[in-house]
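Trainee: So that we are looking at the same thing, I have put the structure below in structure tokens.
The numbers here are math on the coordinates, done by the rules we state, and not lab data. None of these values were measured; they are calculated from a predicted model.
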Amino acid sequence: MTDIDDLLEANQAYTADHHYVADARPTRHLAVVTCMDARIDVFAVLGLQAGDAHVIRNAGGRVTADVLRSLALSSHALGTDTVVVMQHTKCGLSGVTEEQLQALTGAGIEFLAIDNHSAAVQADVDLIVDTPYLSPLTTIAGVIYDIETGQIEVAVRRQRGR
Ligand code: ZN
């Protein structure tokens, strides 16, 4: 179990080096949708700094209704025009069925299990492309991050006019 006091102590140390970024609009005009997997250091993987990008995370890095909600605000209110959906190998959502995940959790909800990584990321990119209110997002990429090598493979890349 994590001791919350350890987190508070770490925060005290952090404030000494903290740099305030006044502008909430991502300087790289970028939003990244990725998995909550604890092994993915999104900023390091993509060479990003605080202030550069929106990072939207959930189980699997799947494009859910809440991701669409976040992207609507990201693009319309905060100026992003590029989105990268980054799913990854050895994801907890792959190699399992919806039924297994429902039995594990006791939750009768859709978990968006991943049967095929490139098909899943392709479907999620299509969902963004096919959502009319996300028209400010003109560059959309779907990539697979290899959790073992740290390398990214592009599965799909879409470019469109506004
Ligand atoms: Zn994952």
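Trainee: Could you check what % of the DSSP bridge pairs in the chain are antiparallel, to the nearest 5?
Mentor: Values: 7 of 26 bridges.
Within the chain, antiparallel bridges account for around 25 percent of the total.
Trainee: Can you pull the Kirkwood radius for segment 21-159, inverse mean 1/r over Cα pairs, to one decimal in Å? Intermediate results must be reported in sequence, preceding the final value.
Mentor: Working: mean 1/r = 0.0652 Å⁻¹.
Answer for segment 21-159: a Kirkwood hydrodynamic radius of 15.3 Å.
Trainee: Explain nothing, just compute: Karplus ³J(HN,Hα) = 6.51 cos²θ - 1.76 cosθ + 1.60, θ = phi - 60°, for every residue of segment 98-103 in order, whole Hz, x for Gly and Pro.
Mentor: 4, 4, 5, 5, 5, 5
Trainee: A further question follows. Under the rule of at least 5 residues apart or a separate chain, name every residue whose amide H is placed under 5 Å from the amide H of ASP52.
Mentor: THR27
Trainee: Quick one: 3J(HN,Hα) in Hz for segment 35-46, Karplus 6.51/-1.76/1.60 with θ = phi - 60°, rounded, Gly and Pro as x.
Mentor: Per-residue couplings from phi come out as 7, 6, 2, 5, 8, 9, 8, 3, 5, 5, 4, 10 Hz.
Trainee: On average, how much area does the Cα convex hull of segment 64-104 cover when viewed from any direction, in nm²? Before the final figure, lay out each step's value.
Mentor: Numbers: hull surface 15.8 nm².
Seen from a random direction, the Cα hull of segment 64-104 projects 4.0 nm² on average.
Trainee: Continuing with the same structure: Under 5 Å between amide hydrogens, which residues at least 5 positions from ALA155 or on another chain qualify, with H placed 1.01 Å from N in the peptide plane?
Mentor: Counting only residues 5 or more places away or on other chains, the set is GLY142, VAL143, ILE144.
Trainee: Here is a follow-up. Could you grab the relative contact order for the chain? Cα pairs under 8 Å, six or more apart, rounded to a whole percent.
Mentor: Working: 261 pairs, mean separation 34.4, N = 162.
Relative contact order here is 21 percent.
Trainee: Shifting gears a bit: Using θ = phi - 60° and the Karplus curve 6.51 cos²θ - 1.76 cosθ + 1.60, what whole-Hz ³J(HN,Hα) does each residue of segment 122-128 get, with Gly and Pro shown as x?
Mentor: Working through the residues one at a time gives 4, 4, 6, 5, 4, 5, 5 Hz.
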